[in-house]
1. Suppose we filter the stretch A:175-187 for residues that are part of a loop (DSSP other than H, G, I, E, B) and either closer than 27 Å to A:A25 by Cα or at pLDDT 90 or above (or both); how many remain?
2. Identify the residue in the stretch B:83-92 that is part of a helix (DSSP H, G or I) and closer than 12 Å to B:C135 by Cα and, among all such residues, is farthest from the chain's Cα centre (by Cα).
3. Out of the stretch A:53-85, which residues are within 11 Å of another protein chain (Cβ to nearest Cβ) and among the hydrophobic types (A, V, I, L, M, F, W, C)?
4. In the stretch B:178-218, which residues are surrounded by 15 or more Cβ atoms within 10 Å (Cβ to Cβ) and among the polar types (S, T, N, Q)?
5. Condition check: in a loop (DSSP other than H, G, I, E, B) and either within 30 Å of B:V91 (Cβ to Cβ) or within 10 Å of another protein chain (Cβ to nearest Cβ) (or both). Does B:P216 satisfy that?
6. A:A223 - would you say it is free of Cβ contacts under 8 Å to residues at least 12 places away in the same chain, among the small types (G, A, S) and either surrounded by fewer than 17 Cβ atoms within 10 Å (Cβ to Cβ) or within 22 Å of A:F43 (Cα to Cα) (or both)?
7. Looking at B:A15 and the list (1) assigned to a helix (DSSP H, G or I); (2) within 14 Å of chain A (Cβ to nearest Cβ); (3) modelled with pLDDT of 55 or more, which single condition is not satisfied?
8. So B:V95 ticks every box in (1) part of a helix (DSSP H, G or I); (2) modelled with pLDDT of 75 or more; (3) over 16 Å from the mean Cα position of the chain (by Cα) but one. Which box is left unticked?
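The values are calculated or read from the model by the stated rules, or taken from the named source; none is laboratory data. In this text the structure is predicted, and so the values were computed from the model without any measurement. Here the Cβ positions follow ideal geometry from the backbone for every residue, glycine too, while neighbour counts run over all protein chains shown.
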Amino acid sequence: MFVPCDRGGGSASSDFKGSTLLVPAVSVGNVGQLAADLVISTFDMTKVGYFYTDCLVPMVGNNPYATAEENAMELSINAEVYSLPSKKLVVLQIRSPFIKNKYRPFCQTLLSWVKSSKCARVVLLSSSHAYQRDDEQLLGTPLRYLLTPDLEKAVGGLMQELNWKEMEKVAAYPGINDTEKVLHIPGGGITKLLFTESCSKGIQMAVLLKFCSEGDNIPDAFALVNYLNEWLQLIKSEVNTSSQWKIPSSWRLLFGNGLPPALF
Amino acid sequence: MATFFGEVVVAPSRAGVDDEESAEEACEETPEDREIRRELEKKREIDVLWTLKSGASSESSADEPFVCSTFIIAIGHNAAAFLSSFILDSVCWEVVGVVKLWNEWCRTSNTTNVLPTDSFCLFYRLISDPTVFLCQCSCYVAEDQQFQWLEKVFGCMRKEGLQVTILSTCPVADYKTQESTLTLPSPFLKALKTKEFKEQVCCPLLEQPNIVRDLPAA
């Protein structure tokens, strides 16, 4: 499924051993994908390959991270992998929705690629419907995390220090039986499936998610990427880090074209 | 989500279908459901039928891959009509294949005698240079069939030295630009090209954040 780019750098550019892999879930508000865009754009990450898959709706366009005419003409498709060797960071960006009934095969293939590429850990960036919060979740931070048992051993303590909130489980049969609790991530797309599969396959995975609604999700993306930064310290700064994330050129015109002058 | 009028609606998410419910359903699928799903998948399979020189039809898998230097694909009614009006004629071009498919939007047949208003997907070859192929695809190829179309059609072609040109149309209203599309002189051409394409492109490249989707993208 993974096809490396021919960059003349040899296989070094697609050596992901020991790296942290960021994967966005296609979820409410596309927050994970927007956050991934911010990371790729800010660090000017190099494209090292793509996924040749029949599980996502096809799309193609010119380079979404173009900064000048010279780099504006490279084609970009629906699932591409970017790398930043200096920070041992790899990002998979997904740009289109899943084709019906194909999300399961995609998850299987993705997780076996994660295992074969020997990434140290995976961080899944996701979101969940804000309107499905219970009374307690309405108060306080809208950001949550989850860790697979294998990663819990490594970084569970750090999460406590950061004062992060773990995603709460909900009653399996609300109103009838409150003792049995299950994980429920409405609007999270493949988040729950990837997380439960990673738990059973012994993959070190963290899920970082934000409660949000559809709308202008740019602030949600900034919130999620700052949350990620609290842990990974990709940008070291004592002051407000929001201003240090670079918005990609493809975020122009998110809400439509200019207005016709004849309207006025 | 509550709207201004007070009723509660389920907001459609840009993220696509929330598959949580269907995930649970998949686990509880009865053998009957599985059978229905398999039948539906079979119905949505694409058949590419090539007509050999002798006039006999055969399944694509039995053939040797075609040697192909140029492949022009016209997707959609407008692009197909362009080829019909300006390029195709019965003297220089021969029909060499057809795609048979079904989806909720259209059905094509394996007849090569089609009307311009039909939904069809036909392949032609230039008689004077049999390495030049043309495809008119005026039917809609659904999301789950696009990859299959791609693999089955290109699976029959030798890809060395192959140049592919894809012609397609999009509504002007979908074009994202700083000005309003009302004042844009239309129609206008934009292009996307791979870095292996070294020739001069005859029109400006498609600017960000515009994208191409569906079969032309595949």
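1. So the answer is 5.
2. Restricting attention to the stretch B:83-92, the residues satisfying the condition of being part of a helix (DSSP H, G or I) are B:83-86.
Filter once more, keeping what is closer than 12 Å to B:C135 by Cα: B:83-84.
Working: B:L83: 15, B:S84: 17 Å.
Filtering the stretch B:83-92 for residues that are part of a helix (DSSP H, G or I) and closer than 12 Å to B:C135 by Cα, the one farthest from the chain's Cα centre (by Cα) comes out as B:S84.
3. A:C55, A:L56, A:V57, A:M59, A:V60, A:A66, A:A72, A:M73, A:L75, A:I77, listed by residue number.
4. Across the stretch B:178-218, the qualifying residues are B:S180, B:T181, B:Q208, B:N210.
5. On the way: in a loop (DSSP other than H, G, I, E, B): no; either within 30 Å of B:V91 (Cβ to Cβ) or within 10 Å of another protein chain (Cβ to nearest Cβ) (or both): yes.
Considered against the rule, which asks whether it is in a loop (DSSP other than H, G, I, E, B) and either within 30 Å of B:V91 (Cβ to Cβ) or within 10 Å of another protein chain (Cβ to nearest Cβ) (or both), B:P216 comes out as no.
6. No.
7. Going through the list (1) assigned to a helix (DSSP H, G or I); (2) within 14 Å of chain A (Cβ to nearest Cβ); (3) modelled with pLDDT of 55 or more, B:A15 breaks only (1).
8. (1)
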